[in-house]
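Accompanying notes for the structure given below.
The values are calculated or read from the model by the stated rules, or taken from the named source; none is laboratory data. In this text the structure is predicted, and so the values were computed from the model without any measurement. Here the Cβ is made from the backbone with ideal geometry for all residues, glycine too, and neighbour counts use every protein chain on show. Surface areas here come from the heavy atoms of the whole protein model, side chains and all, with no ligands, DNA or RNA. Shrake-Rupley method; radii C 1.70, N 1.55, O 1.52, S 1.80 Å.
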Amino acid sequence: MSEGATESRLSELPGDLMMWVLIVSELLVFGAGLAAFLAVRTTDTGGFAEAQDLLDRTAGGINTAVLVTSGLCAALAVRWRRAHRRLGARLWLGAAALLGGLFLWVKAVEYGDKIAAGIGTETHPFFTFYYLLTGFHAAHVAAGIIILGLIAWRDSLNNLETGTAFWHMVDLVWVLLFPVIYLLR
Amino acid sequence: MIGLIGDSLWRGWAGLLILSLASTLAAQWVGAGIATPLIGALILALAYFKARLILSRYLGLAATPFWNRGFGMVLGGYMAGLLVLYLIPLR
């Protein structure tokens, strides 16, 4: 493919190219983490299944619904901004951030319950991965909430497209993390 | 309401909720007489479709078939790899 054709293909990507570089990088990191989780699981499937039974699948399921709804709000914010409805776009961003906060609150309750039950990173390799992967993801959710606040303040269309793309990446990672860590037996 | 049904974003969101619910329900079938590897494969397949929905609807790749197809193929290969890792201990 010629250089011009490559540039043309890259320009087809919605939003900022650097955000796509970040999205792909993050997917590779989390993807490697999940693959490592399943690889280690092959050495102790019984132990992983017992450890997984200690997770709160309902909380994980609720958080999935919360995060995909938050993603919808972020996508609607971009749509409203394109239509020059800035206040509405900001309100959608606020709703997305609030739902992100709810996700973190549910996650904090989940962590609190585990810690109260004496379950830490050293309890079993399953929980090492659990805390590492879901904790790293929660850090991205926290960063995403800050980004949503920033783009609500500096609300150019380009900023909204770029910032919400980060939020959707966080969403995308969760829909892969949740089934592998919480549901696969 | 009819407007929402015809809207690709809202339909994508509804699809994500339905697929998430389906995978949570599928996980409850373990020990109910259905082969565990089949349930695991179903859960991974549902995760793949959820990821595709987010890429195409939320991230807007539906508007660029080249990238939508490319991401779909790489993601499909990755999910197949996860399936292999999941099935290794069940041999």
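In the stretch A:33-47, is there at least one residue being touching a residue at least 24 places away in the same chain (Cβ under 8 Å), outside any helix (DSSP H, G or I) and at the interface with chain B (Cβ under 10 Å from one of its Cβ atoms)?
Within the stretch A:33-47, one or more residues are touching a residue at least 24 places away in the same chain (Cβ under 8 Å), outside any helix (DSSP H, G or I) and at the interface with chain B (Cβ under 10 Å from one of its Cβ atoms).
List pairs: first in the stretch A:94-109 and under 16 Å from A:ARG57 (Cα atoms), second assigned to a helix (DSSP H, G or I) and open to solvent by 20 Å² or more (accessible area, probe 1.4 Å), Cβ under 7 Å, 6+ apart or cross-chain?
A:LEU104/A:ALA142; A:VAL106/A:ILE62
Can you tell me which residues in the stretch A:88-113 are farther than 13 Å from A:THR134 by Cα and either outside any helix (DSSP H, G or I) or not aliphatic (A, V, I, L, M) (or both)?
Passing the criteria: A:GLY88, A:ARG90, A:TRP92, A:GLY94, A:GLY100, A:GLY101, A:TRP105, A:GLY112, A:ASP113.
Scan (1) surrounded by 13 or more Cβ atoms within 10 Å (Cβ to Cβ); (2) more than 9 Å from chain A (Cβ to nearest Cβ); (3) at pLDDT 95 or above for the single condition B:MET73 breaks and write down its number.
(1)
Does any residue of the stretch A:90-109 turn out to be open to solvent by less than 10 Å² (accessible area, probe 1.4 Å), away from chain B (no Cβ under 14 Å) and charged (D, E, K, R)?
Yes.
Checking the conditions here, which among A:LEU148, A:LEU132, A:LEU177 is farther than 15 Å from A:MET19 by Cβ and open to solvent by less than 40 Å² (accessible area, probe 1.4 Å)?
Result of the check over A:LEU148, A:LEU132, A:LEU177: A:LEU177.
Can A:ARG9 be described as at the interface with chain B (Cβ under 9 Å from one of its Cβ atoms), closer than 22 Å to B:LEU55 by Cα and open to solvent by 40 Å² or more (accessible area, probe 1.4 Å)?
yes
Are there helices (runs of 4 or more DSSP H) fully within the stretch B:1-62 with at least 3 residues that are closer than 15 Å to B:LEU75 by Cβ and at the interface with another protein chain (Cβ under 10 Å from one of its Cβ atoms)? List them.
Correct list: B:36-53.
Mind checking which residues of the stretch A:18-30 are under 15 Å from the mean Cα position of the chain (by Cα), surrounded by fewer than 18 Cβ atoms within 10 Å (Cβ to Cβ) and not polar (S, T, N, Q)?
Result: A:LEU22, A:VAL24, A:LEU28, A:VAL29.
Checking A:GLY120 against (1) of a type outside the set (Val, Ile, Thr); (2) in a loop (DSSP other than H, G, I, E, B); (3) surrounded by 13 or more Cβ atoms within 10 Å (Cβ to Cβ), only one condition comes out false. Which one?
(3)
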